[in-house]
1. With the radius of gyration and the Kirkwood radius both derived from the Cα set of the range 28-239, what is their ratio Rg to Rh?
2. Would you please name the GluC sites (Glu not before Pro) within the range 187-236 that are DSSP coil residues with at most 15 other C-beta atoms within 10 Å of their C-beta?
3. Enter the accessible area per residue of the range 28-239 (Å², integer; probe 1.4 Å; all protein chains in place).
4. Using the charge dipole of the chain (Lys, Arg: +1 at Cβ; Asp, Glu: -1 at Cβ; taken about the Cα centre), state which of GLY122, PRO377, TRP78 has its Cα farthest towards the positive end.
5. Can you give the angle from 0 to 90° between the axis of helix 54-65 and the longest principal axis of the chain, with both taken from C-alpha atoms, to the nearest 10?
6. Using the charge dipole of the chain (Lys, Arg: +1 at Cβ; Asp, Glu: -1 at Cβ; taken about the Cα centre), state which of CYS97, LEU270, THR398 has its Cα farthest towards the positive end.
7. Can you give the charge dipole size of the chain about its Cα centre, rounded to the nearest 20 debye, using +1 on the beta carbon of Lys and Arg and -1 on the beta carbon of Asp and Glu?
8. What part of the accessible area of the range 28-239, given as a whole %, is carbon or sulfur when the probe is 1.4 angstrom?
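The values are calculated or read from the model by the stated rules, or taken from the named source; none is laboratory data. All of these numbers come straight from a predicted model, not from anything done at the bench. Note: ideal-geometry Cβ built from the backbone for every residue, glycine included; neighbour counts use all protein chains shown. Just so you know, the surface numbers come from the protein's heavy atoms only, side chains and all, with ligands and any DNA or RNA stripped out. Shrake-Rupley method; radii C 1.70, N 1.55, O 1.52, S 1.80 Å.
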Amino acid sequence: MSGHGDPKPMMARKSGALMGVAEVPGDKSISHRSLIFGAMAVGETRVTGLLEGQDVLDTAAAMRAFGADVTREADGTWSIHGVGVGGFAEPDDVLDCGNSGTGVRLLMGAMATSPISVTFTGDASLRSRPMARVTDPLALFGTKAYGRAQGRLPMTLVGATDPMPVRYTTPVPSAQVKSAVLLAGLNAPGETVVIEEEATRDHSERMLAGFGAVVSTDVTAEGRVITLQGQPELKPQVIAVPRDPSSAAFPVCAALITEGSDVVVPNIGLNPTRAGLFETLRDMGADLTYENPREEGGEPVADLRAKFSPNMKGIEVPPERAASMIDEYPILSVVAANAEGATVMRGVKELRVKESDRIAAMADGLRLNGVTVEDGPDWWIVEGRGPGGVKGGATVATHLDHRIAMSFLCAGFASQEGITIDDSGPILTSFPIFEPLMGALGATLVPVA
Ligand code: S3P
């Protein structure tokens, strides 16, 4: 839902060693997709481990508005009685997707080839984000979109009545765009093809195959060519959502930079399209190990163990790794500030159109707390101050962005004077148990009046 009440400022104090086991919540990307694909199957899909963050709850409400029966049982299992591909009803009110770009863009794709009209809106962050990257390819199916200038929400989409299959090369590396086109292709006849030059997270492809669609990925000179046969009958599934590597990043990185720490974060998916941060940290010299590596539900999984790492060095992050760690650059910049030497991050233009302009938000806040940062349109460089070298003492603006909020709180634990954020409310979108979880590890978080 748009807005989340009054801002809730919070301070992270310099903390002692972080110790213990951090059980982070379910994967946000997989949670959204479980609800959406479940609603497009015929019969009951059951989901355990769903992330019950506000972004995902907003998608659950949207699926109900489209006519699916979505309920949460007392033991935390979610049940979705789907309406089948092409079976969506027209919502009788505006769909409010809150803070979630993934939610709104996947929902646009899912309804684009049904003969219904839907008006989408969101909070101030989401209303400032570009939607043309999704409505442009959806127009090729015959979908019409009427929004504000530069493709901003609120926006009404009129679904195609006689959809055409589409062949589309994504102009930006985006799993949301890829997934929106594939979701629209479900209710179009024939083959829909999406081509991406750089691999982005492949949860939609994996889940489509799991639900019984015919989908294949070929790696060619053009890039990854994903082909979907339209108008399948999706078969309901039993889904165990793995834990979110993007949430695991926070206790892992907090432990690496906070003196004396030793933290285990169990059961984290290490799908190569998501695990770029952990490789980067290891390249920097982090004491980060993968314990009990195993396969679960076709995904590589391990328990991550992170220990305080006083010898980390800044590196040039390989730009080809960007898509596999795109949500992790804010917390990486905090680790970089506590390493020796400069960390150079290039090829990251997409960071400027996330829940906030993440390069600007992190650069501004780090500078206020005594760190030197240089930045340009698609790059930034953080000058490391060595272990415990971040002064702190300032209050930073989080711009309705959960990952900016959590990144600065983690920075505060290892800083000299603590760091305050102007609003911790957005953390509820993706990591509702962040505060008690970090507190149980020994971190000091205090609400500010
Ligand atoms: C997501 C894709 C990424 C990521 C977002 C989740 C997804 O966005 O930043 O948090 O679940 O498909 P883009 O597709 O815009 O890169």
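1. 0.93
2. Listed in order of number, the matching sites are GLU197, GLU222, GLU233.
3. 36
4. So the residue we want is PRO377.
5. Around 10 degrees separate the two axes.
6. The listed residue farthest towards the positive side: THR398.
7. Dipole about the Cα centre, nearest 20: 440 debye.
8. On the range 28-239, the fraction of accessible area on carbon and sulfur atoms equals 50 percent.
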